[in-house]
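Computed from the coordinates by the stated procedures, all read-outs in this text should not be read as laboratory data. These figures come from a predicted structure and were not determined experimentally. For neighbour counting, all protein chains shown are included, and Cβ atoms are generated from backbone atoms with ideal geometry for every residue, glycine included.
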Amino acid sequence: MSRLTLDKLTLAQGGRTVLEDVSGTFEDGAITALVGANGAGKSTLIQAIMGLLSPLSGQVHCSMPKERRAWLPQQLALDLTFPMSVEELMLTGRWPTHGTFKRYGPDDYRHMHGVMQRLGLSGLAHRPLGELSGGQRQRALLGRTLMQEAELLLLDEPFANVDTHTVEILCDTLRDIANQGATVIVVLHDMEQLARLADCVLLLAGGHAQWVEPETLLERHHAPARRHAHTQAPFISLNLPDVPPCSTY
Amino acid sequence: MLDLLTTLNAWLIAPLTDYAFMRRALVGGLALSLAAPPLGVFLMLRGMSLVGDAMAHAVLPGVALGFVLAGFSLPAMSLGGLVAGLLVAGLAGSVSRMTGHREDSAMASFYLISLALGVMLVSLRGSSVDLTHVLFGSILAIDDTALWLIASVTSATLLVLALIFRVLVVECLDPLFLRGQGIRGGLVHGTFLGLMVLNLTAGFQTLGTLMAVGLMMLPATAARFWSQRLEGLIGLAIVIAMLSSAGGLLLSYHLGLPSGPCIILIAGTIYLVSALCGRHGSLLARLRRRAAPLEKNEDTCTSS
């Protein structure tokens, strides 16, 4: 079953067409990796799925309510000097049910403590955001999406600049979320994480998109991926015709 | 002991029991101190500390136009100030959204145009004394109309702030999250700017257009050195503003100094003291923090 479908989607940003004629279906309970070089349109596609960017043509069909879609952007607009604790940040995830006025009850706190324990954040509840490490911050933000009980989760390079302990926790949690039926879309650059997480891959290059099997991509690009894994340059330089499309999508 | 009490009475209580204008000034000052500092805290946290200053300049042409049209009438001048302030905030916001330029550059442009218009209008009609009054206010000349205006603005501000508090906090922290939830951040931002203009307008009679922003920002920036929690910042900023208002008023009475600058200078002194010896991020706190690891290092050296 699928609650998110792209139908001949064409997207532009700043007067430049970024993606053309993208179609496909994101299965419920599956983790889809968005792969492509810098500037290939990954973030643009995410914005369109979130409903923050109107397509030039085509449509995003998403039956999940807006407040159940969660987005963890790459360079987060989070103001770290803001005087807020981890607990307060996570409780803002209750927005869909509580909005501006409703008071947080014992159930919300119980749920939050469960989430914190799962993410290894117990004991950090009252820590100010500015004092968190990169990994702890990323876990706290994922915690907010868990509080939100998101049905669609979009993550833009969630593993950048985080410790290995955090990578482990994030991977396990994302798999759990997917197993519970949520649709998870992750922008990935690292082939090891792709091999570990992705059920399917949407490859973006040259303004076009193609669905491919993770195994196919790994077979063809395993070596270059390792060689450039820690450089700034995009290490997946793909031409779509190189990779055979996946028949399922 | 009795002498001390008499002195204290003469300094702190007598001016208030003897003169009605002092009582009115105190009530007005305390009321302003209740609503303006929380706005200042949010302005500071949003990195918009100087926007308050820009808006204080922006209300001037409206106040001047009210003065030109209706003479020295508080309602007319306040209404003019409010309209001018909202117009500048609205125009700056629209231009910034349409062009993609930063909002502060648009606001700087519009407030300068507005300020020049205001000064021109005042000089067309009145003498330089009038301009001084508009710019620096006179808290000792507060009448009942002004008190009602201040009380209404304070009540409305606190009420609206309570209503939008959570959404304002989330918008300050992570605007993208709010957009994802389908809430238009622009609306929250606009409401907030509206509240700010409202408070500057209420404050202009007592402190003047330029000094009004002082009671908004200085308590907030001083509180930053003492608290790392939002509730703490807001509570402390209100207390600092109230102390400054009462202290400044009494100081101006006893020393025969202008009241507006006295109030702001007391707030300024509290800021400077906080910057020097506050609990978080002050000069003293930094020195202490720097000293701590050194001692630890010495211990490690001797034990190894």
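Assorted remarks:
- For segment B:171-217, the average shadow cast by the Cα convex hull is 3.6 nm², which is a quarter of the hull's surface.
- Reciprocal of mean inverse Cα separation for segment B:95-208 (Kirkwood radius, Å): 16.8 Å
- Placing a label point 7 Å from the Cα of B:TRP148 along the Cα-to-Cβ direction, the residues of segment B:79-108 with a backbone N closer than 16 Å are B:79.
- Angstrom value of the Kirkwood radius, inverse mean 1/r, which spans all Cα pairs in segment B:66-115: 11.7 Å
- Of the DSSP H helices in chain B, those whose Cα atoms cover at least 24 Å axially and whose Kyte score averages -0.5 or more: B:20-45, B:74-99, B:103-125, B:144-173, B:185-223, B:230-255, B:259-277
- In this simple spin-label model, placing a label point 7 Å from the Cα along the Cα-to-Cβ direction at both A:HIS165 and B:LEU50 gives a separation of 4.2 nm.
- Electrostatic bookkeeping for B:ALA89 treats Lys and Arg as +1 and Asp and Glu as -1; over the other residues with beta carbon under 13 Å from its beta carbon, the sum is -1.
- Calculated from the alpha-carbon coordinates, segment B:2-303 shows an Rg and a Dmax of 21.4, 81 Å respectively.
- Theoretical FRET efficiency, 1/(1+(r/R0)^6), r = Cβ-Cβ of A:GLU219 and B:LEU187, R0 41 Å, to 0.05: 0.20
- Normalising by residue count, segment B:204-251 has a Cα convex hull of 70 Å³ per residue.
- Summarising the label geometry, the points placed 7 Å from Cα in the beta-carbon direction at B:LEU159 and B:MET1 lie 4.9 nm from one another.
- Spherically averaged projected area of the convex hull of Cα atoms, segment B:1-130: 11.4 nm².
- Rh by Kirkwood over Cα pairs, then Stokes-Einstein D for the protein assembly as shown at 0.890 mPa s and 25 °C, µm²/s: 91 µm²/s
- Chain A, Rg to Rh (Cα coordinates; Rh as Kirkwood inverse mean 1/r): 0.97
- Size of segment B:1-61: Rg and Dmax of its alpha carbons, in Å, are 18.1, 54.
- Degrees, to the nearest 10: A:106-118 long Cα axis against longest axis of chain A: 50 degrees
- Computed Kirkwood radius, in angstrom, where 1/r is averaged over Cα pairs of segment A:78-149: 12.1 Å
- Around the amide H of A:VAL201, modelled in the peptide plane, lie the amide H atoms of A:ALA33, A:VAL212, all under 5 Å away and 5 or more residues distant in sequence or on another chain.
- Part-to-part distance (alpha-carbon centres) for segment B:91-118 and segment B:243-266, which is given in Å: 34 Å
- Helix-only CD estimate at 222 nm, as mean residue ellipticity for the protein assembly as shown, using -39500 (n - 2.57) per DSSP H run (n ≥ 4): -20500 deg cm²/dmol
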